[in-house]
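Have a look at the structure below before the remarks.
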Amino acid sequence: MFMNSITVLMTQSKGTINPNIYGHFSEHIGGVFYDGLWVGEDSKVPNIRGFRKALAESFAKIHPPVLRWPGGCFAETYDWRDGIGPHDRRPRRINWWYNNDHRVEPNQVGTHEFMDFCRMVGAQPYVAANMTSVTPLHIRNWIEYCNAPAGLTTLADERAANGDAEPFGVKYWGIGNENWGGGGRMTAEMCAREYLRFMTVCESLPGDMTFVACGANAHDVAWTRALMAALAEKGHRPKALSVHYYCGTAGAPQDFTEDQWYQLLHQANYMQNIVDDHRAAMDGFDPERKTAIFVDEWGCWHRDGSGPSRGYNLFEQQSSMRDAVVAALTLNIFNNRCDVVGMANVAQLCNNLHSLYLAGGEHFVETPNYFVYDMFKTHQGARQLEVVNDCGEFGGGEAFRKAAKPLPRVSASASQAEDGLITVTLANTSMTEPVEVKLSGHGGLLTGRAEIVTLAADDPHACNTFENPKAVQPTASELDFSDGGVITLPAASVTAVRIRG
Ligand code: AHR
């Protein structure tokens, strides 16, 4: 009888899974910061130096490697000087998103607060710098303010006077955001010219920094080619190139048909084409593959207004089991391309698109997406292992895009950590049918007992809400390989298998 199988090839690997693939993104937009991450020190909501305590503690548990900030589009009108100094003297500004939600930026979270949050949760900061509406010197000064050794310069002294004598040591600096759109509506050639102007001025500062050039929107490989060509003409190869890819349907996130389930999953699976086709376009200018791809915005973008604030927080959305399966599918794609994906940042952390958290006042919930990050965290920094996935495919990807690769019936990736722990992560992409899978190893058997964590719900539309915060929770079980290594993946579910090697 045919049995679906996943075989882990214990001796075949594309390399180490960069922990930064498990990165996050937090923008000054809607409710991400204000009443989301940040409640203020005087709030009745329990907080750590102004940040929501429950969220900071929960976030630290999934070992966030890196957090991108302050945008997004917001970055392109941000003046870092607005966010330093005494809180009561910080200016209020028209937020980049004002025309969408009429909200003013109070600048209560600025550089010091953001760095404090990063330290609190153990993440590295990734600062997205404004390339559209300030000068290169302005950004150079920000870098110096953040990174210059204590006492060396006037900007370092200013940082110390504002409470942080020790430098922040920011390694990742995005130069521009979506410069093909909200970041100045540039052509790739204009963007390359601006990037070189900014980056040249900034990279003459000391320190180990990675400057990220603004890459394409979704599958626009023409942008990638033109940008890489314009940079190569000036003898430059960036350390990293970003790409943004969102998937979504016009519908509400928690109210979808079976067709819409598959439509969204096919769109999410298109991430394979996004990464592979941009990489192929880059190869002409970077044959040794020195430039990493940073997918520094990705996630599901549904119709607005489904979150607990009922539309007050711009882009705030509910997340169901469908979004959790998208997260698992996407992270498996990145794991399996760890040789080319150097970072990925799901958009956005709280009260926004594809969020891990929903919060407001005293309410706080972990969405199904959160549990996926918890279940996948042991892949971070581990050695990727190739898998032979013999579970079949769902056709129909061409209904979305002609070149789209078929959706795997079971999405899978595997890794082995330095301490021997093997992690296999699986997502059942069927909305209605459970599937039995035989899990085995090749070139090293999978033996003994494995821990299994399963994220599933009776209804794939299930979400965690303020009223029912624990509707979707992972459950633990065990697998004994001496019983044949067969596991049942419930319909619309995510599973992590951890085996001590
Ligand atoms: O994540 C929301 C927005 O989506 C970001 O600000 C922008 O970069 C993208 O278009």
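The values are calculated or read from the model by the stated rules, or taken from the named source; none is laboratory data. Bear in mind the structure is a predicted one, so any value in this text is a computation, not a measurement. For neighbour counting, all protein chains shown are included, and Cβ atoms are generated from backbone atoms with ideal geometry for every residue, glycine included.
When Cys73 is tested against (1) within 16 Å of the ligand (Cβ to nearest atom); (2) surrounded by fewer than 18 Cβ atoms within 10 Å (Cβ to Cβ), only condition (2) is not met.
Considering only residues that are under 26 Å from the mean Cα position of the chain (by Cα) and hydrophobic (A, V, I, L, M, F, W, C), which ones fall in the stretch 458-498? Listed by number, the residues that qualify are Ala462, Cys463, Phe466, Ala471, Val472, Ala476, Leu489, Ala491, Ala492, Val494, Ala496, Val497.
Within the stretch 308-326, the residues that satisfy the criterion of being in contact with a strand residue (DSSP E or B) (Cβ under 7 Å, 6 or more places away or on another chain) and part of a helix (DSSP H, G or I) are Asp323, Ala324, Val325, Val326. Within the option set Asp276, Asp259, being in a helix (DSSP H, G or I), out of contact with any Lys or Arg (no Cβ under 6 Å at 6 or more places or on another chain), at pLDDT below 95 and surrounded by fewer than 17 Cβ atoms within 10 Å (Cβ to Cβ) holds for one residue only, Asp259. Taking the stretch 288-307 as the search range and keeping residues that are more than 16 Å from the ligand (Cβ to nearest atom) and in a strand (DSSP E or B), which one is nearest to the chain's Cα centre (by Cα)? Result: Ile293.
Scanning the stretch 143-188 for residues that are away from the ligand (no atom under 16 Å from the Cβ), part of a loop (DSSP other than H, G, I, E, B), surrounded by 15 or more Cβ atoms within 10 Å (Cβ to Cβ) and hydrophobic (A, V, I, L, M, F, W, C) yields a count of 3. Among the numbered conditions (1) crowded, with 18+ Cβ neighbours inside 10 Å; (2) away from the ligand (no atom under 16 Å from the Cβ), the only one that Ala344 does not meet is (2).
For Gly251, are the conditions met, namely being modelled with pLDDT under 95 and not hydroxyl-bearing (Ser, Thr, Tyr)? Spell out how you get there, then give the answer.
Numbers: modelled with pLDDT under 95: yes; not hydroxyl-bearing (Ser, Thr, Tyr): yes.
Against the criterion (modelled with pLDDT under 95 and not hydroxyl-bearing (Ser, Thr, Tyr)), Gly251 qualifies.
The residue pairs whose first member lies in the stretch 72-84 and is touching a residue at least 24 places away in the same chain (Cβ under 8 Å) and in a helix (DSSP H, G or I), whose second member is among the aromatic types (Phe, Trp, Tyr) and away from the ligand (no atom under 11 Å from the Cβ), and whose beta carbons are closer than 7 Å, counting only pairs six or more residues apart or on different chains, are Trp80/Trp142. Give the residues of the stretch 330-341 that are buried (at least 24 other Cβ atoms within 10 Å of the Cβ), away from the ligand (no atom under 16 Å from the Cβ) and either of a type in the set (S, T, N, Q) or assigned to a loop (DSSP other than H, G, I, E, B) (or both), sorted by residue number. Selection gives Asn332, Asn335. Selection of the stretch 1-53 for residues being free of Cβ contacts under 8 Å to residues at least 24 places away in the same chain and either in a strand (DSSP E or B) or closer than 30 Å to Gly392 by Cβ (or both) yields Met1, Phe2, Asn47. Do we find that Ile84 is farther than 26 Å from Met375 by Cβ, within 16 Å of the ligand (Cβ to nearest atom) and at pLDDT 95 or above in this structure? Spelling it out, it is not the case that Ile84 is farther than 26 Å from Met375 by Cβ, within 16 Å of the ligand (Cβ to nearest atom) and at pLDDT 95 or above. Taken over the stretch 396-453, the criterion of being touching a Gly at 6+ places or on another chain (Cβ under 7 Å), closer than 24 Å to Leu264 by Cα and not in a loop (DSSP other than H, G, I, E, B) is satisfied by Leu407 alone. Each residue in the stretch 296-325 was checked for being touching a helix residue (DSSP H, G or I) at 6+ places or on another chain (Cβ under 7 Å) and under 20 Å from Gly72 (Cβ atoms), and 5 of them qualify.
Can you name every residue in the stretch 465-493 that is part of a loop (DSSP other than H, G, I, E, B) and surrounded by 11 or more Cβ atoms within 10 Å (Cβ to Cβ)? If you could, list the steps in order and put the result at the bottom.
Within the stretch 465-493, the subset part of a loop (DSSP other than H, G, I, E, B) is 465-473, 484-485, 490-492.
Residues satisfying the conditions are Thr465, Phe466, Asn468, Pro469, Ala471, Val472, Gln473, Gly484, Gly485, Pro490, Ala491, Ala492.
Only one of Val365, Val388 is in contact (Cβ under 8 Å) with a residue 60 or more places away in the chain and touching a Pro at 6+ places or on another chain (Cβ under 6 Å). Can you tell me which? Residue meeting the stated conditions: Val365. Looking only at the stretch 364-381, residues that are outside any helix (DSSP H, G or I), of a type in the set (A, V, I, L, M) and under 25 Å from Ile499 (Cβ atoms) come to 0 in all.
Within the stretch 347-363, restricting attention to residues that are assigned to a loop (DSSP other than H, G, I, E, B) and over 13 Å from Ser319 (Cβ atoms), the residue that is nearest to the ligand (Cβ to nearest atom) is Gly361. Scanning the stretch 6-51 for residues that are closer than 30 Å to Val424 by Cα and either within 16 Å of the ligand (Cβ to nearest atom) or of a type in the set (Asp, Glu) (or both) turns up Gly23, His24, Phe25, Ser26.
Tell me, yes or no, whether the stretch 308-329 has at least one residue that is more than 14 Å from Tyr245 (Cβ to Cβ), more than 15 Å from the ligand (Cβ to nearest atom) and free of Cβ contacts under 8 Å to residues at least 40 places away in the same chain. Scanning the stretch 308-329, I find at least one residue that is more than 14 Å from Tyr245 (Cβ to Cβ), more than 15 Å from the ligand (Cβ to nearest atom) and free of Cβ contacts under 8 Å to residues at least 40 places away in the same chain, so the answer is yes. Based on what the data block shows, is Leu196 buried (at least 23 other Cβ atoms within 10 Å of the Cβ), away from the ligand (no atom under 16 Å from the Cβ) and of a type in the set (A, V, I, L, M)? So Leu196 does not fit the description; no.
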